[in-house]
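Here is the structure we will look at.
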Amino acid sequence: MGKGRIEITGDKEYIALVERIKKELPKRLDAALFTGATDTMNEAKKSIQGHQSSGNVYQRGSISHTASTAGNPPNSDTGNLVQNITIQKINGGYDIGSRKGAPYGVHLEFGTSKMGARPWLTPAFYLALEKLKVKMISRLREKV
């Protein structure tokens, strides 16, 4: 049998491409996470501002407030919760929630022993996740 010779070309270009992809992936992942965080924040704010359900009416000082019914997002009265929903960069991603000015956001989200939950963040997260999934699938189809 005769000697054959196999030559592989393009290995340098391939290695350069792999290195470029490795550098770009963290930036792309961070951009996708930020988009998801922003969409979650916007959906949460929209759910509180655009939703009104009739629960118990109570007085807070001279202001009468109608609470939402359990299982629905909270009704907005002063706008304080919505103003305090922010995004914070954390190690490995982003944190969305109500901050110092509205620490009661967690009680509304999960409820207490005296009050049923009025989820506003979890549903927003799932809506944003669905939007992100649709965007990703659309981008993949464009490339095929």
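Sparsely packed loop sites in region 1-30 (the trypsin sites (Lys or Arg not before Pro) outside DSSP H, G, I, E and B with at most 10 other Cβ atoms within 10 Å) comprise Lys3, Arg5. By the equivalent-ellipsoid construction on the alpha carbon gyration tensor, region 71-144 comes out with semi-axes of 30, 15, 11 Å, ordered largest to smallest. Against the empirical 2.2 N^0.38 Å (N residues), the chain has a Cα radius of gyration ratio of 1.67. Annotation for Ser113 and Tyr126: the two label points, set 7 Å from Cα along the Cα-Cβ direction, are 2.9 nm apart.
Test of understanding: extend the Cα→C-beta vector of Gln49 to 7 Å, then name every residue of region 100-119 with backbone N under 18 Å from that spot. Within reach of a label on Gln49, which here means backbone N under 18 Å from a point 7 Å along Cα→Cβ, region 100-119 contributes 102. Taking the Cα centre of the chain as origin and assigning +1 to Lys and Arg Cβ atoms and -1 to Asp and Glu Cβ atoms, the resulting dipole is close to 280 debye.
Relative contact order of region 8-144: 25 percent, from C-alpha pairs under 8 Å at least 6 residues apart in sequence.
Throughout, read-outs are computed from the coordinates displayed, never taken from laboratory work. This one's a predicted model, so the numbers in the text were calculated from it and none came from an experiment. In this analysis, Cβ positions are derived from the backbone assuming ideal geometry, glycine residues included, and neighbour counts consider all displayed protein chains.
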